[in-house]
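Here is the structure we will look at, set down as structure tokens.
The values are calculated or read from the model by the stated rules, or taken from the named source; none is laboratory data. Quick caveat: nothing in here was measured; it's all calculated off a predicted structure. All Cβ positions, even for glycine, are placed from backbone atoms using ideal geometry, and neighbour counts span all protein chains on display.
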Amino acid sequence: MRVEGVSAIINLAAASISKRWTSTCKKQALSSRVNTLRTLYSALEKVDRSNITLFVSASAIGLYPTSLSNFYTEEEKNVDDSFLGRIVKVWEKETDALEKLNLKVAKIRIGLVMSAKGGALSEMAKPIKNYVGAAFGSGKQWQSWIHIFDLVRMFLFVIENDLQGAYNGVGPNPVTNAKLVKEIAMVLEKPLLLPNIPKFVMKAILGEMSYLLFASQRVSGKKIEEKGFVFEYPSIRGSLESLYGKGVYDDSSVLHR
């Protein structure tokens, strides 16, 4: 059977890890990523895929070791010694397996996605809106972020330009956690009244998952820029203002440009 009208496949399937890392959550996080890719591999093996040339999969910058000083590119070989680092390593290995089907494979290592309709930003904004927002720990940990509009455009750019390999799905200007919290508060016009929240407090509340709040990955998006990609939201202030400011971002517009 020939797959008609398909030249590229995008894989975004992955269970959320933004909840307590129970044994069940960890199993779901791994199986949702691995089993989806294996199912796709098995299905593609059985069809005429001659017109499909590219497979693009989501990945995550959680692959990179946590560090306050390193500036990571796609060439980094070390992997973060955490549940997240290990799961992303397996995720990418399963993604790369599709090369055996003579497909070009691209992986977009996604950072903190700026979207007002769910995800990490919405969770960070909630306490700030309720006057209980604060930075985590020292606040010096790096947050490599990307506007949802630019992330969608990046996936399309990879397909349109037939790119392969790993690309960091982050904007050009990472910020510290303290800076991000401050910028969110300024755009929402809310004061920050509380001191920074200690690590032990968040660990008591969230368990092992609190690691995500204190991990630090300063990641470069230069590789995709060198291919010709231009970020429409390069600054954190402009990104937040488009989502929460007067000119509210319409996420349906990306597919009509």
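Kindly provide the set of residues from region 108-138 that are in a loop (DSSP other than H, G, I, E, B), surrounded by 19 or more Cβ atoms within 10 Å (Cβ to Cβ) and among the hydrophobic types (A, V, I, L, M, F, W, C), ordered by number.
Within region 108-138, ALA135 is the sole residue that qualifies.
Let me confirm something: among ALA58, ALA43, ALA13, which residue is in a strand (DSSP E or B) and modelled with pLDDT of 95 or more?
Selected residue: ALA58, the only one of ALA58, ALA43, ALA13 that is in a strand (DSSP E or B) and modelled with pLDDT of 95 or more.
Being surrounded by 18 or more Cβ atoms within 10 Å (Cβ to Cβ) and either farther than 16 Å from VAL219 by Cα or of a type in the set (A, V, I, L, M, F, W, C) (or both) is the filter here, so list the residues in region 158-176 that pass it.
If the condition is that a residue be surrounded by 18 or more Cβ atoms within 10 Å (Cβ to Cβ) and either farther than 16 Å from VAL219 by Cα or of a type in the set (A, V, I, L, M, F, W, C) (or both), then VAL158, LEU163, ALA166, VAL170, VAL175 are the ones that fit.
Among (1) more than 19 Å from the chain's Cα centre (by Cα); (2) in a helix (DSSP H, G or I), which single condition is LEU194 missing?
Result: LEU194 fails condition (2) only.
In region 211-244, how many residues are assigned to a loop (DSSP other than H, G, I, E, B), free of Cβ contacts under 8 Å to residues at least 12 places away in the same chain and of a type in the set (Asp, Glu)?
Number of matching residues: 0.
Residue under question is ILE184, and the condition is that it be in contact with a helix residue (DSSP H, G or I) (Cβ under 6 Å, 6 or more places away or on another chain) and either in contact (Cβ under 8 Å) with a residue 24 or more places away in the chain or of a type in the set (Gly, Ala, Ser) (or both); does it hold?
Taking the combined requirement at face value, the residue satisfies it.
Among the residues of region 82-100, are any at pLDDT 95 or above and not in a helix (DSSP H, G or I)?
yes
Could you run through region 187-210 and say how many residues are β-branched (Val, Ile, Thr), free of Cβ contacts under 8 Å to residues at least 60 places away in the same chain and surrounded by 15 or more Cβ atoms within 10 Å (Cβ to Cβ)?
1
Please go through region 164-191 and give me each residue that is part of a loop (DSSP other than H, G, I, E, B) and either within 21 Å of SER144 (Cβ to Cβ) or of a type in the set (Gly, Ala, Ser) (or both), ordered by number.
If the condition is that a residue be part of a loop (DSSP other than H, G, I, E, B) and either within 21 Å of SER144 (Cβ to Cβ) or of a type in the set (Gly, Ala, Ser) (or both), then VAL170, GLY171, PRO172, ASN173, PRO174 are the ones that fit.
Within region 56-77, restricting attention to residues that are under 22 Å from LEU163 (Cα atoms), in contact with a Lys or Arg (Cβ under 7 Å, 6 or more places away or on another chain) and of a type in the set (A, V, I, L, M, F, W, C), which residue is surrounded by the fewest Cβ atoms within 10 Å (Cβ to Cβ)?
Among residues in region 56-77 that are under 22 Å from LEU163 (Cα atoms), in contact with a Lys or Arg (Cβ under 7 Å, 6 or more places away or on another chain) and of a type in the set (A, V, I, L, M, F, W, C), the one surrounded by the fewest Cβ atoms within 10 Å (Cβ to Cβ) is ALA60.
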